[in-house]
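Below is one structure, written out as structure tokens; the observations come after it.
The values are calculated or read from the model by the stated rules, or taken from the named source; none is laboratory data. Values in this document were obtained by computation on a predicted structure and should not be read as measured data. Here the Cβ is made from the backbone with ideal geometry for all residues, glycine too, and neighbour counts use every protein chain on show. When the accessible area is computed, the model is the full protein with side chains, heavy atoms only, and any ligands, DNA or RNA have been set aside. Shrake-Rupley method; radii C 1.70, N 1.55, O 1.52, S 1.80 Å.
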Amino acid sequence: MSVSDTVSHRGPAPLASTKTLGGAGHGPVCEHQESIDGLRAALNRTLIGKESTVEMVLACLLARGHLLFDDLPGLGKTTLAKALAHAVGGRFARVQCTPDLLPGDVTGFNLFNQRTREFEFREGPVFSDVLLADEINRATPRTQSALFEAMAERQVTIDGRTYGLSGTFFVIATQNPVESHGAYPLPEAQLDRFAMKLRIGYPDPRSELAMLAANVGGNGQPAPPPAAILDPRRLDALQQHVANVPVSLPVQQYLVDLAAATRGHRAVTLGLSPRGLLAWQRVAQARAHLQGRDFVLPDDVQAVAGPVLEVRLAGEFEAAPRIIAEILSSVKVPVF
Amino acid sequence: MATNHSHRLSAAKPPAAGVDRGLADHGGAFALSVLAAAMLAVARSESSDRRWIWFALFLAAAVPPWLLSQWLKRRLAARRRLESFAALVVAAWGLIPVPIALALRSAGMGEAVELTMISMLQNAGLMTAALARNRAWMQTGQLAAGFTATFALMAGVSMPLFLLGGCFGLGFIWSLMAGYWERVRAPRAALATERCLPARSGVLIATAAAITVVALLAGGAGGVAVSLRGFLPTSGGEGGADEFARAGVGDGDALVEAQDDAKGVGPVESELFLESDMPTLYDMANDLYGDPPKPKVKSERAIALDAAKVKLTHDRMAQNQDGGGREFSAVRRAPRQPPKPQSDQPSPAMLFVKGAVPAHLALARFDRFDGRVWTGTEGVTESAAMSHSKRNPVIRLETEHGKPWLRIVDSIHGIFRGESRWTVKVINLRTNRVAAPPHPVALHVDRLDQPDFLGWTEDGSLALAGRSHIPQLTVLHLRARRFNLQPLRDQNFRGPGGPSAATPPEPNATAGLGDFPGNSASPSNRESLAGRLAREWTAGLPPGWRQVEAVLERLRTSYQFDATARVPEDTADAVEHFLRAGRGPDYLFASACATMLRELGHTTRLATGFYARPERCNPQSGFTAVQADDVHVWVEVAIGGRHWVAIEPTPGYEPPGETLTLWEWAARKAGRIGRVVAANAGTFAILAALLAVAFVARNWLADAVVASLLVLLATLADGGRSRRAVLNAMRLMEWRARRAGFRRPPHVTLSVWYGRIRPVLAPDAGDALMRLLAAAERWLYAVPEPSLGRNWTGSQAVALGNTEPTAISVIHLWRRLPGIATLRRAFRETAAPAANPGS
């Protein structure tokens, strides 16, 4: 049984995630559980048949990470991002990245006001709570790096002045792996800013049928976005709550061993950075919390390993799942 | 303090470089250690017959460290963990030779203490080299290897050892040179200096002080010089003796080490050569069995004989007194006192024998028996050159590999199968007879190249002609025929004209026996008890060897060996008394056997000599010590007119060993086992049934044992509610999965592995398993709440499930956990869902 099998076997968490293993509750019910369930339900309504992807998106959000969708066009990347943005409440902004997009178009710029004879600052799309950067690999490296300062430090500096961003600032970037002409692939150092990279993939036939059935009688307009379930303040509290999920020493040691394994794997040219390791722990904490647990299991670490590692391990695009499976199977799970 | 600190810093600086170099070079250091170990193995095996033991020990010492080093190469984490107790591992591996040496000693294959100590050093060096990560470790390993190799070179003398030593020297010099150049070239040589003298000199001073204290305590002020020599036991000469010591004086075992040349080891104690101390077989028999009662001198009227006859009688008398024992009495008094151990004797051995033991070494034969006393023709030794007697075969000189062998030219019989080699060293026995195993065919004594030196005594024993005794420390090399008695069982071997079973044997029946010495049978004409019993025991058997075996079997099973039993002095027929009493010493067994076989028409004689006991065999040298209390009496039966076959009637003594083919050996063993099984059929049936049940229920039994053990442990720990209880239950599940053939791969988590079988388990078992998993995960991975400490009650309630009260015990949960068979079925069902997606 390969690791990828075992990971996928656990599959998506059941909707009622307070009960995991045989109904034995793993922890006290969290006060935010209702919000989480609502978010989960809203996203699952938007993206039918992709519960595992939704679970990862939620984990990334709760871990204060940024998300990179790397998939073919038309699979629902933008739809999911918009739905998420609306569900968490707050402001939503979208940037369609093209080669002529300038950094100021993203971060904002100082405009000289003829009337007041002063420069005044015009906020760019980064001054939002959820930013969707579509086809990010089509922006020039200069624009990309402007965005990455915002992602890493949640602030932008324009003309020597630093502006703080929203505390729950969350970037969902998409990129298309097949159209490489006129694209600027994201460098490894910048990819590291993302907490995870997800692929949505094609829905299964049953979900496609349901999707078609739901579309009959539609007016051609996109479905209305879900109602806001959270607001930035509550999201911030939820993220803080998740950051407090304890991680025991054996699990942390397991993470360290896994990180060492990524650095020692011969097919990986650039192993996991300490920043990546921190992100991995945060996402695992979020996943544990999503599962209704108040402590992190090695299962959580394994379950999020794919998306977390795929964004930062430099190597062949196609071989990533196999390499990650090899890394996971080379490290012993701490038991007894 | 500041200086120390700076030294530490400078020493701690280059660990990365040290690690790299250690990893790169430690193969070389390990190779040197292995070479040194191989040299030691060669040196140790030089003086041993069983070289494979030393080779196996060498492999056992060298392979595990090598495997460990290979294993650690790929596992940096394990390597880091091991580093903290690497010294302990080295020490443990260094101590391994001690139990091995003790075990070998108890098996009689021990070796000198210093060899054990050097193997400890060898082991420590091997492990040090295997675990070497930096220069210091590597150099320590090399140092140990160098010391081991030096010792091996001093201890051994063989060519392979010197070749290995040469290789080692080259390797050692090369590694020293390489180490020197590395130091010169390494930039850190100039950057960091380390003052290590205080530490090392401190260790040296402490060691020297400890040695001095121990020496003073052990040896006292006057014995310091002795103690400082090393506390190594010697083989004697200093009040103590270790039989495996390599040095020392005064030990009989060491004295007879010269296998080819008696003078290879010189005389060490003068009293050994006092002639008066050398007993004869006659003396030893009297010591062991007691003196024969002296018949009262009766003077009766007599008529003088003519001169010729008088002379003949005197001749005979003179001859009898010439030899050691002229007669052997079956009627004896109890020994006045048991033979006292000869404490001042360097070795109690009379002879040393090398060959297949147990062995019957005959010295004298007796063929006439009057019911009380066996007599034989004694004292006349015919040399081969002079022998014109037809009954003794001719002896001629042959040269083999440049050495003279005196070969007995004898007829071949169907029972013979090849030859075996024997070596007999005469230590303390005064006789000119050769203590020979059955069917000797050739004798070699160094520089003895005259065939007339070897001859036959009147009773058909080999002896050195013209000598009163064989000189001490003479080494006799013998060849004897191997034999197998199977042909005798299938034929009437008693020769042409021998009496048949139908004809009652006549007294003094010697017809058809050719030139064999007189074969006096029962002393009277009337039907004796021996004759009656003999015919009774052999009723229905064809005449021949089967009769002999029947009588032997009966004597060996129905009669008791009792070394102290004596027949009354006034008895006329010792055999009859013995047969009625049912117990007696070996000479009465032999007398009875000989008499009974004669009653059946066989030709027999009494053989006296030594029984070489296997328990006195020194496996290292292959020699068996034959001592005074090994004097033994047995019977020889004539077959085919010219040959005598030794048989053993006394229980407790092994019959002379037959040479068997593999098939015969297996058949004989199988027959013996079959008889034992048949005799205890009921017991074996019950045993077999129990074994069958145990085999069928092996999983259940093993499970029961493991589960009860874990339950016991869990119960001891807080009534089955603590961390240990939960984890023990989890361990039980892991063990069961392993037994079921579905061991959890180490990289798969508990809940993934066991969670997948949940759907196919019965609800109860599945529920128990999931609850156990939840509890185990919490105990394993949840961070304890500091305020609640180790026994947290709140979390425990959560861990064990919210649906039941806090006091739920894992022991109750265990009863519902799936067993091995259930697990196997569940794993099989979930392992191949693709094969039958419908199910």
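Using 24 Å as the Cα-Cα cut-off, could you pick out the over-long pairs in A:K197/B:K73; A:K332/B:K73; B:K354/B:K669; A:K50/A:K82; A:K50/A:K197; A:K82/A:K197?
Long pairs (Cα-Cα over 24 Å): A:K197/B:K73; B:K354/B:K669.
Once every DSSP H run of n ≥ 4 in chain A is given -39500 (n - 2.57) and the sum is divided by its residues, what mean residue ellipticity at 222 nm do you get, rounded to the nearest 500 deg cm²/dmol?
-13000 deg cm²/dmol
Taking beta carbons within 10 Å but only from partner chains, what does the mean come to for residues A:287-294?
1
Rolling a 1.4 angstrom probe over the protein chains, ignoring ligands and nucleic acids, what is the accessible area of B:E615 in square angstrom, nearest 10?
Approximately 130 Å² of B:E615 is accessible to the 1.4 Å probe.
With contacts defined as alpha carbon pairs under 8 Å and 6 or more residues apart, what's the relative contact order of the stretch B:616-670 in percent?
It rounds to 17 percent for the stretch B:616-670.
Quick one: ranking B:F85, B:F147 by accessible area, 1.4 Å probe, largest first, what do you get?
Putting B:F85, B:F147 in descending order of accessible area: B:F147, B:F85.
Once you keep just the Cα pairs under 8 angstrom separated by 6 or more residues, what percentage relative contact order results for the stretch B:398-488?
Relative CO of the stretch B:398-488 lands at 44 percent.
Taking a probe of 1.4 angstrom, what is the accessible area of B:Y781 in Å², to the nearest 10?
10
Within the stretch B:395-447, report the trypsin sites (Lys or Arg not before Pro) that DSSP leaves as loop and that have at most 10 other Cβ atoms within 10 Å.
In loop regions of the stretch B:395-447 (DSSP not H, G, I, E or B), the sparsely surrounded trypsin sites (Lys or Arg not before Pro) are B:R447.
Write out the trypsin sites (Lys or Arg not before Pro) in the stretch A:253-297 meeting two conditions: DSSP loop, and at most 15 other Cβ atoms within 10 Å of their Cβ.
Loop-located and lightly packed - A:R266.
Where the centre of each part is set by its Cα atoms, how far does the stretch A:185-209 sit from the stretch A:71-130, in angstrom?
Each part reduced to its Cα centre gives a spacing of 21 Å.
Rounded to the nearest 0.05, what FRET efficiency do B:R75 and B:E46 have when you use their Cβ-Cβ distance and R0 = 35 Å?
Computed FRET efficiency for B:R75 and B:E46 comes out at 0.30.
Put a dot 7 Å past each Cα toward the Cβ at A:L278 and B:S106; how far apart are the dots in nm?
A separation of 6.2 nm, rounded to one decimal place.
What residues qualify as long-range amide H neighbours of B:Q627, i.e. H under 5 Å apart, gap of 5 or more or another chain, H built at 1.01 Å from N?
Here B:M350 satisfy the definition.
Can you tell me, using C-alpha contacts under 8 Å and at least 6 residues apart, the relative contact order of the stretch B:16-183 as a whole percent?
With pairs under 8 Å counted, the relative contact order is 39 percent.
Take every DSSP beta bridge with both residues inside chain A and express the antiparallel ones as a percent of the total, to the nearest 5.
If I count the DSSP bridges inside chain A, around 45 percent turn out antiparallel.
Taking 10 Å² as the minimum loss, tell me which residues in the stretch A:231-247 lose that much accessible area going from the chain by itself to the full protein complex (1.4 Å probe).
Hits at the 10 Å² cut-off: A:P246.
With a Förster radius of 25 Å, plug the Cβ-Cβ distance of A:R322 and A:T269 into 1/(1 + (r/R0)^6) and report the FRET value to the nearest 0.05.
E(calc), rounded to 0.05, equals 0.95.
Considering only protein heavy atoms and a probe of 1.4 Å, how much of the accessible area of the stretch A:191-289 is carbon and sulfur, as a whole percent?
So the carbon and sulfur contribution to the accessible surface is 59 percent.
In a Gaussian network model over chain A where Cα atoms closer than 10 Å are linked, find which of A:A260, A:A83, A:A213 has the largest mean-square fluctuation.
Fluctuation is largest for A:A213.
Given a 1.4 Å probe and heavy atoms of the protein chains only, how would you sort B:L709, B:L813, largest accessible area at the top?
Ranked from most to least accessible, the order is B:L709, B:L813.
With a 1.4 Å probe, what is the total accessible area buried between chains A and B, in Å² rounded to the nearest 100?
Summed over both sides, the interface buries about 2500 Å².
May I ask you to rank B:S528, A:S52 by accessible area, largest first, using a 1.4 Å probe over the protein chains only?
A:S52, B:S528
Taking the full set of protein chains and a 1.4 angstrom probe, give the accessible area of A:S330 in square angstrom, rounded to the nearest 10.
Accessible area of A:S330: about 80 Å².
Along the Cα-to-Cβ line of A:L72, 7 Å from the Cα, sits a label point; which residues in the stretch A:175-217 have backbone N less than 19 Å from it?
Correct set: A:175-181, A:198-212.
Calculate the FRET efficiency for B:D764 and B:L712 from the Cβ-Cβ distance with a Förster distance of 22 Å, rounded to the nearest 0.05.
Efficiency, rounded to the nearest 0.05: 0.35.
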